[in-house]
1. Considering region 131-153 alone, what residues qualify as being crowded, with 22+ Cβ neighbours inside 10 Å and hydrophobic (A, V, I, L, M, F, W, C)?
2. Give the residue that is most open to solvent (accessible area, probe 1.4 Å), with candidates limited to residues of region 95-109 that are free of Cβ contacts under 8 Å to residues at least 12 places away in the same chain and among the polar types (S, T, N, Q).
3. Please go through region 76-94 and give me each residue that is in contact (Cβ under 8 Å) with a residue 60 or more places away in the chain, farther than 18 Å from W21 by Cα and open to solvent by less than 10 Å² (accessible area, probe 1.4 Å), ordered by number.
4. Out of the residues in region 110-128 that are within 19 Å of R177 (Cα to Cα) and under 17 Å from the mean Cα position of the chain (by Cα), which is surrounded by the fewest Cβ atoms within 10 Å (Cβ to Cβ)?
5. In region 95-111, is there at least one residue being in a helix (DSSP H, G or I), over 30 Å from T43 (Cβ atoms) and among the aromatic types (F, W, Y)?
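The values are calculated or read from the model by the stated rules, or taken from the named source; none is laboratory data. Remember, predicted model here, so these are calculated numbers, not experimental data. Note: ideal-geometry Cβ built from the backbone for every residue, glycine included; neighbour counts use all protein chains shown. What goes into the accessible areas is simple: the full protein's heavy atoms, side chains included, and nothing from ligands, DNA or RNA. Shrake-Rupley method; radii C 1.70, N 1.55, O 1.52, S 1.80 Å.
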Amino acid sequence: MTATTGDDNGRLGRWLRIAVWGGAGVAWLIPVAAKLLTDLPWTTFDFIVWGVMLLVAAGVCEVGLRLSGALAYRAGVVVAAGTSFLIVWSNLAVGIIGNENNPLNQIFFGVIAIAIVGAFLARFRPKGMALAMAVTAAAQFGTGFVALAYEHIVFAIVGVFSLGWLLAAWLFREAARGE
């Protein structure tokens, strides 16, 4: 195993930033192209919301890339931001429980709030972030039981989101080991 020099870390950071912001730009252009080529039923408001979602996710990744030089930490931030992004996107697009108008879907935004509050309580330190993401995974898994109580079976999608939070927790744990 070789040590990473500051210069290598700087180059990696630049490449990661290019990947994050470039990916967000391409992701924004996909529905633009679809609207031009098909009858995609998106309104101006839909494009604005999509753009804001991408800017927030990329902005969170940018902050995370600056908080630590550890690749595991950076990957943990990207996985957590990506999981949050997927939850918001799927919830706004079609809804996770029933359709997007089902008020029960708000519990998924509560899970993201748990991740955010946990990150601040952990002061963004790797060990605390690992715990915050593990708690968030448990809360995410619990949403499946809440949905089941209302006769909705969503364990597959809840499982995917829970795995995202658990992966982020593991990555932060690995970053804490490296300190």
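1. Restricting attention to region 131-153, the residues satisfying the condition of being crowded, with 22+ Cβ neighbours inside 10 Å are 132-133, 136-137, 140, 143, 147.
Within region 131-153, A132, M133, A137, A147 meet the criteria.
2. From region 95-109, those free of Cβ contacts under 8 Å to residues at least 12 places away in the same chain are 95, 99-103, 106; that's our starting set.
Pick out the ones that are also among the polar types (S, T, N, Q) and you get 99, 101-102, 106.
Working: N99: 78, N101: 121, N102: 35, Q106: 105 Å².
Only one residue tops the list, namely N101.
3. The one that is in contact (Cβ under 8 Å) with a residue 60 or more places away in the chain, farther than 18 Å from W21 by Cα and open to solvent by less than 10 Å² (accessible area, probe 1.4 Å): I87.
4. In the first step, residues of region 110-128 are kept if they are within 19 Å of R177 (Cα to Cα); the result is 119, 122-128.
Remaining after also requiring under 17 Å from the mean Cα position of the chain (by Cα): 119, 124, 126.
On the way: A119: 21, F124: 17, P126: 23.
Ranking the qualifying residues of region 110-128, first place goes to F124.
5. Restricting attention to region 95-111, the residues satisfying the condition of being in a helix (DSSP H, G or I) are 103-111.
Add one more test, that the residue is over 30 Å from T43 (Cβ atoms), and what stays is none.
Within region 95-111, not a single residue is in a helix (DSSP H, G or I), over 30 Å from T43 (Cβ atoms) and among the aromatic types (F, W, Y).
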